[in-house]
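Following: one structure in structure tokens, then a few remarks.
The values are calculated or read from the model by the stated rules, or taken from the named source; none is laboratory data. Since this is a predicted model, take the numbers as computed values, not measurements. Please note: Cβ atoms are built from the backbone with ideal geometry, for glycine as well, and neighbour counts cover all protein chains shown. In case anyone asks, the SASA skips ligands and DNA or RNA and just uses the protein heavy atoms, side chains included. Shrake-Rupley method; radii C 1.70, N 1.55, O 1.52, S 1.80 Å.
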Amino acid sequence: MANRIKVILAGASALVALVAAGPSEAETTLSFLIDNSPDTVAAAEALVAAYEKIAPDVTIEIEQRPGGGEGDNIVKTRLATSEMSDVFLYNSGSLMQALKPGQTLADLSDLSSQAKVDESFKAVVRADGKLYGVPFGTAMAGGILYNRKIYQDLGLPVPKRWAEFMANNEKVKAAGKVAVAQTYRDTWTSQLFVLADYYNLHQSAPNFATDYTANKAKYATTPAAMKGFERLKEVHDAGLVNEDFGAASYDDGLRMVATGEAAHYPMLTFAVGALKQNYPENLEGVGFFAQPGDDPAKNGLTVWMPPALYVPLASQNADEARKFVDFAGSVEGCEIMVETNTAQGPSLVDGCALPADVPPAVKDMLPYFEAKATTPALEFVSPIKGPALEQITVEVGSGIRQPAEAAALYDDDVRKQAKQLGLPNW
Amino acid sequence: MTETRLRSRKSPYPLWFFLPAAAVYGVLFVVPTVSSLWFSLTRWDLSSAEFIGLENFRQFFSEPFLVKGLVNTLIYALTTSGLKTICGLLLAVLLTGNIFARGFLRTLVFFPVLVSTIGIGITFTVMMHPTKGIINAMLETLAIPGPGWLTNPALALFSVALVDLWKGVGLATLIFIAGLAAISPDYYEAARIDGATRFQQFWRITLPLVRPATITVITLSLIGGLRSFDLIWAMTRGGPGFSSDVIASVIYKQYQAGFYGLSTAGNVILFALIAIIILPLTVWLNRREVEQ
């Protein structure tokens, strides 16, 4: 009997020794969860290959997950059940705040790479004064992609006022082309006229984001905030959109603006990546401008921040994971990502230059940044974004619902989100 | 006396024979049901759940589109169930008759049941495209302007219901064929001797005697219609706007948005709705059957 106990004890201690020795010496395997878009996969693979060269004792296994709401659920579920990979990619801004970073994520404030990360990015991965992420990729913007050939052929100027934009549209329509591509099969694409109008809203109502979060300002009662919905309706009512707008998809929209079927497509500049993949020969023909507002002197750009890399608190290999993330956030890591993918906007790491041959749509963004005429999109300065906005903008853009009613409906939708987040004053 | 003795007689199997089945049933059904009742009363973000009473239910019923989703669910369930019953019965009568290529036609009618719903949804979405779809292209050759089947808010729900009919009518037909086969040919022979017309035979003999099959078809298709989700999601995602939203798609959208407690409350409501409609209906239908 005593012998048997000894054997068991010996076995157990051998096992303990084995487990303890495993991760501390030599080989470490890190898991790395990313979304499955081809751009992301390419960038992540390049990053991992470069890192494994400088840290030969580390192996990094990439896992893929779907994007969109389904991906959000996977990330939240895995974090909540402590099943998260050692490093993962996720949105910055309000979606990051919804992960409860203080309880689930490791503090990355003291990484050496943070010194060169732009303050505008740090603001969207900060909670309670701590930084939880490093940027993955470049900034992007929301605005209007346009076909440069149509603009040349018709002699159109790049509009800085909404009225000029509408005048351009009429000329395009008269020339027998689609003026504005709309693609409501992929409902999220319908939001751009509203979301990209945030720079204009911010110019007329600088405190909107704060008041809106504190339940003091509403879309329905702020005339400048209503403009986005009104503009969407105006474009529909003037008959400027493609005939099959209700059934067309995101890729149809890209094809239309790239091949010159349509003159304009309101979109985020991350579309440059998809354009490069699907219509490489047309990439040079696509330009970009910010959504025009009422005052040409105050024309500027609404900017989206890239997603970030995070390390969960529950990671078993936190030290190694931090080293990898530090590399990804460094100038070297940034350059690898920019070279792998077409940059979608300016880099957020000081010293990480864009390649000289960026496509025109990206070049067109840079003057706004140089002139400091940019503002982060509302979802980066307020934690609330109602989930039904895309359905509501489809209704306005299809002429089913009036802008005023739509704005009021969206305010209701936002209330639900604020209550779920447990914000004060709601 | 004898009855009591019969009832108290021990079953030949010991009670613990039921335990494996009870455990499986408990883990897969009872525990999730009870815990979803609990979670529907909380603000739940997967890591923590805060008890908020009936707030989720209040929120769900004040949702501007819940009422619309509720009405749409009922319209959809009644339309698909009604059409499947009528078309299924007519097809079954046709396919039990002495017609050419009967076996082949039966296969043809049943075939859509076997195809994946999502596949059918995607296929019909392409076919119903307003400008490039084959349906409108065919209408155009007849000089009829085709509508936006899935993009017109007044039509979208019915277009999906028609596809649902196409997909589901095969099963209804199969059940009716089984029901018809159970009717003794003697009745028809007697009716023919009495000089009954084909219509009288159908109305007076077939319809009453195929009643058990009708009840099965109505119940099954109504439950299916009330909880229908996959086809609607594949074809319209509840759109355009909210015009073809049903309760199941509203619930899914809440889940996608991360409102887990709210979406669980929606599921409890759907569960209750189906129970409220189906239980009395089956009791009523079956009682009528007994009375006859």
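What to note about this one:
- The number of residues in region A:82-92 being more than 21 Å from the chain's Cα centre (by Cα) and either within 14 Å of chain B (Cβ to nearest Cβ) or at positive phi (or both) comes to 3.
- Test result for A:Ala407, touching a helix residue (DSSP H, G or I) at 6+ places or on another chain (Cβ under 8 Å), on the phi < 0 side of the Ramachandran plot and assigned by TED's automatic domain parsing to the domain that holds A:Ala196: yes
- The residues on offer are A:Asp35, A:Asp107, A:Asp86, and the sole one that is over 19 Å from A:Gln316 (Cα atoms) and of a type in the set (D, E, K, R) is A:Asp35.
- Candidates A:Arg415, A:Arg401, filtered to the one that is within 12 Å of chain B (Cβ to nearest Cβ), part of a helix (DSSP H, G or I) and surrounded by fewer than 23 Cβ atoms within 10 Å (Cβ to Cβ): A:Arg415
- Taken together, B:Ile232, B:Ile218 contain a single residue that is away from every other protein chain (no Cβ under 13 Å), crowded, with 23+ Cβ neighbours inside 10 Å and in contact (Cβ under 8 Å) with a residue 40 or more places away in the chain, which is B:Ile232.
- Taking the conditions (1) outside any strand (DSSP E or B); (2) over 22 Å from A:Tyr199 (Cα atoms) in turn, A:Asn168 satisfies each one other than (2).
- Residue check, A:Gln391 open to solvent by less than 50 Å² (accessible area, probe 1.4 Å) and within 30 Å of A:Gly246 (Cα to Cα): yes
- Selection status of B:Ala143, open to solvent by 30 Å² or more (accessible area, probe 1.4 Å) and modelled with pLDDT of 90 or more: no
- Whenever a residue of region B:181-199 is more than 14 Å from B:Val210 (Cα to Cα), its partners that are open to solvent by 100 Å² or more (accessible area, probe 1.4 Å) and at pLDDT 90 or above, lying with C-beta atoms within less than 9 angstrom and at least six residues away or across chains, give the pairs B:Ala191/B:Arg204; B:Ala196/B:Arg204.
- Hits in region B:147-158 (condition: within 12 Å of another protein chain (Cβ to nearest Cβ) and not hydroxyl-bearing (Ser, Thr, Tyr)): B:Pro147, B:Gly148, B:Trp149, B:Leu150, B:Asn152, B:Pro153, B:Ala154, B:Leu155, B:Ala156
- Enumeration of residues in region A:1-51 that are open to solvent by less than 60 Å² (accessible area, probe 1.4 Å), more than 27 Å from the chain's Cα centre (by Cα) and at pLDDT 50 or above: A:Ala10, A:Gly11, A:Ala12, A:Ala14, A:Thr28
- Leading residue by the ranking (least open to solvent (accessible area, probe 1.4 Å)) among those in region B:40-57 that are closer than 12 Å to B:Ile269 by Cβ and more than 10 Å from chain A (Cβ to nearest Cβ): B:Ser40
- Whichever residue in region B:100-112 is in contact with a Leu (Cβ under 7 Å, 6 or more places away or on another chain) and among the hydrophobic types (A, V, I, L, M, F, W, C) and, among such residues, is surrounded by the fewest Cβ atoms within 10 Å (Cβ to Cβ): B:Leu105
- Output for region B:43-63, where each listed residue is over 18 Å from B:Gly258 (Cβ atoms) and in contact (Cβ under 8 Å) with a residue 24 or more places away in the chain: B:Phe57
- Cβ separations smaller than 8 Å between residues 6+ apart or across chains give the following pairs from region A:65-81 residues that are more than 10 Å from every other protein chain (Cβ to nearest Cβ) to residues that are in a loop (DSSP other than H, G, I, E, B): A:Arg65/A:Asn36; A:Pro66/A:Asn36; A:Gly67/A:Asn36; A:Gly67/A:Ser37; A:Ile74/A:Pro66; A:Val75/A:Met84; A:Val75/A:Leu99.
- Qualifying positions in region B:253-266 - free of Cβ contacts under 8 Å to residues at least 24 places away in the same chain and either more than 13 Å from B:Phe60 (Cα to Cα) or assigned to a loop (DSSP other than H, G, I, E, B) (or both): B:Gln256, B:Ala257, B:Phe259
- Residue that is most open to solvent (accessible area, probe 1.4 Å), among those in region A:240-295 that are among the hydroxyl-bearing types (Ser, Thr, Tyr) and outside any strand (DSSP E or B): A:Thr259
- A:Phe369 meets each of the listed conditions (1) more than 14 Å from every other protein chain (Cβ to nearest Cβ); (2) open to solvent by less than 10 Å² (accessible area, probe 1.4 Å) apart from (2).
- Selection count, region B:58-88, where residues are of a type in the set (A, V, I, L, M, F, W, C), open to solvent by 20 Å² or more (accessible area, probe 1.4 Å) and either over 23 Å from the mean Cα position of the chain (by Cα) or closer than 30 Å to B:Thr173 by Cα (or both): 9
- Matching residues, region A:207-220, being open to solvent by 30 Å² or more (accessible area, probe 1.4 Å), under 13 Å from A:Asp412 (Cα atoms) and not small (Gly, Ala, Ser): A:Asn215, A:Lys218
- Any hit, region A:354-364, residues being small (Gly, Ala, Ser) and buried (at least 18 other Cβ atoms within 10 Å of the Cβ): yes
- Scope region A:93-110; condition within 9 Å of another protein chain (Cβ to nearest Cβ) and among the small types (Gly, Ala, Ser); matching residues: A:Ala98
- From the options B:Gly148, B:Gly179, B:Gly168, residue that is part of a loop (DSSP other than H, G, I, E, B) and crowded, with 16+ Cβ neighbours inside 10 Å: B:Gly148
- Flag for A:Asn425 being away from chain B (no Cβ under 14 Å), on the phi > 0 side of the Ramachandran plot and in contact (Cβ under 8 Å) with a residue 60 or more places away in the chain: yes
- Scoring B:Leu37 on the criteria (1) more than 14 Å from every other protein chain (Cβ to nearest Cβ); (2) in contact with a helix residue (DSSP H, G or I) (Cβ under 7 Å, 6 or more places away or on another chain); (3) open to solvent by less than 50 Å² (accessible area, probe 1.4 Å) leaves a single failure, condition (3).
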